[in-house]
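One structure below.
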Amino acid sequence: MILSMTGFGKHTALYADKKITTTIKSLNSKQLDLSTRLSSRYRDRELPLRALVAAEIERGKVDFNLLLEDSGNSDATAQVFNTEKMAYYFSQLKSFGEQMGVAVPAGGWFEQILRMPGVVQAEEDQSEEIPDEEWNIVIEACTKALAQLTDFRRQEGAMLEQVFKDKITNISALLLEIEHYEPERVQRIKERIEENLSKVSEKDYDKNRFEQEMIYYIEKLDINEEKHRLRNHLSYFLETLQGEAGQGKKLSFIAQEIGREINTLGSKSNHVEMQQIVVRMKDELEQIKEQVLNVL
């Protein structure tokens with residue numbers, strides 16, 4: 001079964017007074033494009049975390065977040081002031097107040113500054129070594145989030161697979177419609193040649209050479225090979241859908257080959273109704289090409 005590159009997974013675990021939350025979101029991409037956002041406590045473990053995610057996801061644009069919060073079970077959480085941000089906000093408020101002629105509040109700007117984002121932060125003890133028990137819980141949280149994401153991708157892949165089957169079935173049905181017009185098409189070509197020839201019947205010409213040229217011309221417009229190759233490509237596309245995950249690029253290549261045969265059918269058809277069918281085939285194929293970009 002194919003997998004979609006679109007997915008989402010989330011898992012929250014508790015350790016002591018900490019709440020560890022892992023979220024993973026993926027979208028389509030030609031290669032693995034992994035961006036991480038980690039709590040400072042786990043920042044030095046980024047490489048093994050990236051390896052864990054990359055081994056499971058393989059391909060896609062991935063956002064991986066690992067956040068650490070107080071679980072609310074502890075009596076108190078140490079808070080620290082970000083003095084750099086406080087100084088920046090103070091400078092901005094003071095300057096703006098002077099420009100606008102706004103009086104400084106009785107208590108100064110201190111109360112307003114404390115409400116600014118990022119001024120008061122929970123303190124993380126980065127000097128403490130991460131115990132094995134805590135790290136195992138982190139890995140378990142990441143693994144469960146990845147499992148959720150894979151399940152999401154599998155469900156999306158099942159939906160895409162059904163779309164592809166429907167579109168391939170539609171193209172196959174349109175190919176059968178083309179066959180209905182083939183005898184009429186060949187006859188029209190012969191009649192048009194004979195009609196044009198009757199206009200110059202008073203001139204001598206080599207009838208044997210004429211027959212050879214007409215056979216050559218009709219053979220050039222023959223579409224049996226294109227129909228045969230197109231059927232094979234359609235069957236191969238369906239077979240590939242049933243293969244192992246990771247067939248997205250292969251399906252894209254097959255879709256290109258299907259498009260090549262459809263284009264040749266259109267250029268050789270020389271028949272209005274057949275060309276209209278070819279246009280409908282291209283519409284079905286275009287929808288396949290759009291969706292195949294989401295396949296892992």
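The values are calculated or read from the model by the stated rules, or taken from the named source; none is laboratory data. The shown structure was predicted, so the numbers you read here are calculated from the model rather than taken from an experiment. Cβ sites come from the backbone with ideal geometry, for glycine too, and all protein chains shown count toward neighbours. Remember, those area values only see protein heavy atoms, side chains included, never the ligands or the DNA or RNA. Shrake-Rupley method; radii C 1.70, N 1.55, O 1.52, S 1.80 Å.
Just a few scattered comments:
- Count of the stretch 135-160 residues which are surrounded by fewer than 18 Cβ atoms within 10 Å (Cβ to Cβ) and not polar (S, T, N, Q): 10
- Test: residue in the stretch 264-277 that is under 26 Å from the mean Cα position of the chain (by Cα) and either not aromatic (Phe, Trp, Tyr) or not in a helix (DSSP H, G or I) (or both): no
- Checking each residue in the stretch 1-42 for being hydroxyl-bearing (Ser, Thr, Tyr), part of a strand (DSSP E or B) and under 24 Å from residue 294 (Cβ atoms) picks out 4, 22, 23, 26, 35, 36.
- Pairs with Cβ under 6 Å, 6+ apart, first in the stretch 93-111 and at pLDDT 75 or above, second aromatic (Phe, Trp, Tyr) and open to solvent by less than 100 Å² (accessible area, probe 1.4 Å): 93/109
- Residue 21 modelled with pLDDT of 90 or more, farther than 30 Å from residue 161 by Cβ and within 36 Å of the chain's Cα centre (by Cα): yes
Quick grid of which residues meet (1) charged (D, E, K, R); (2) modelled with pLDDT under 90; (3) out of contact with any Lys or Arg (no Cβ under 8 Å at 6 or more places or on another chain); (4) assigned to a loop (DSSP other than H, G, I, E, B):
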| residue | (1), (2), (3), (4) |
| --- | --- |
| 56 | yes, yes, yes, no |
| 76 | no, yes, yes, yes |
| 89 | no, yes, yes, no |
| 116 | no, yes, no, yes |
| 139 | no, no, yes, no |
| 147 | no, no, yes, no |
| 151 | yes, no, yes, no |
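- Close contacts from the stretch 54-73, counting a first residue that is under 26 Å from residue 2 (Cα atoms) and open to solvent by 80 Å² or more (accessible area, probe 1.4 Å) and a second that is at pLDDT 90 or above and among the hydrophobic types (A, V, I, L, M, F, W, C), with Cβ to Cβ under 6 Å and a gap of 6+ residues or different chains, come to 56/146; 61/27.
- Among the candidates 217, 181, the residue that is at pLDDT below 70 and either more than 30 Å from residue 51 (Cβ to Cβ) or exposed (fewer than 14 other Cβ atoms within 10 Å of the Cβ) (or both) is uniquely 217.
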